[in-house]
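So the structure is just underneath, and the comments pick up after that.
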Amino acid sequence: MHTATRQSTVAPATTPAPSSVRVEIFDQIYNLRGTDPDYIAHLAEYVDMKMRSIAEQTSTIDSLRLAVLAALNIADEYHVLKRKQESAGGDYQQRVQRLSGMLDEVLQEKFKVGERSA
């Protein structure tokens with residue numbers, strides 16, 4: 001008797017080709033390349049908003065200084081969120097360990113009760 005085997009063919013993951021995206025940040029045009037033009041445009045809008053917000057709060061008109069201040073502001077936001085995520089991860093890890101210990105205790109009790117009734 002002949003047994004047929006079926007081979008599964010999985011197409012290799014392909015990444016979209018980078019495309020050029022034209023964005024404007026603080027009245028300067030930049031041609032950027034990436035695989036997700038909408039995401040790049042969204043990031044550019046965010047950076048532009050940060051620079052404009054800082055420009056309103058300071059008397060600085062130098063775009064390089066505003067860009068550095070915006071970068072520091074965004075880096076601060078990133079690190080605050082990263083710290084929150086890391087601390088939340090630790091909380092979840094502690095809870096998982098506690099629940100795992102409780103489950104082990106319940107299973108051990110159930111096993112002991114099962115041995116007694118056998």
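The table that follows gives values for the structure above.
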quantity	calculated
Given charges at Cβ of Lys, Arg, Asp, Glu: the chain dipole, positive-most of His42, Gly114, Gln28	Gly114
Choice from Thr14, Thr58, Thr35 showing the highest fluctuation, given a GNM over the chain with Cα pairs closer than 10 Å	Thr14
Selected from Val96, Val106, Val68 as most flexible by GNM, with the chain as the system and alpha-carbon contacts under 10 Å	Val106
Convex hull volume per residue in cubic angstrom - Cα atoms of the chain	194 Å³
Amide H within-cut-off set for Val21, under 5 Å, with H built and near neighbours excluded	Leu32, Arg33, Gly34
Helix 37-57 vs. the chain, principal-axis angle (Cα, 0 to 90°, nearest 10)	60 degrees
Point-charge dipole on Cβ atoms (K/R +1, D/E -1) for the chain, about Cα centre, debye to 20	540 debye
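Read-outs throughout are calculated quantities, based only on the coordinates presented, and are distinct from any laboratory measurement. Note that this is a predicted model, so its numbers are computed, not measured. Note: ideal-geometry Cβ built from the backbone for every residue, glycine included; neighbour counts use all protein chains shown.
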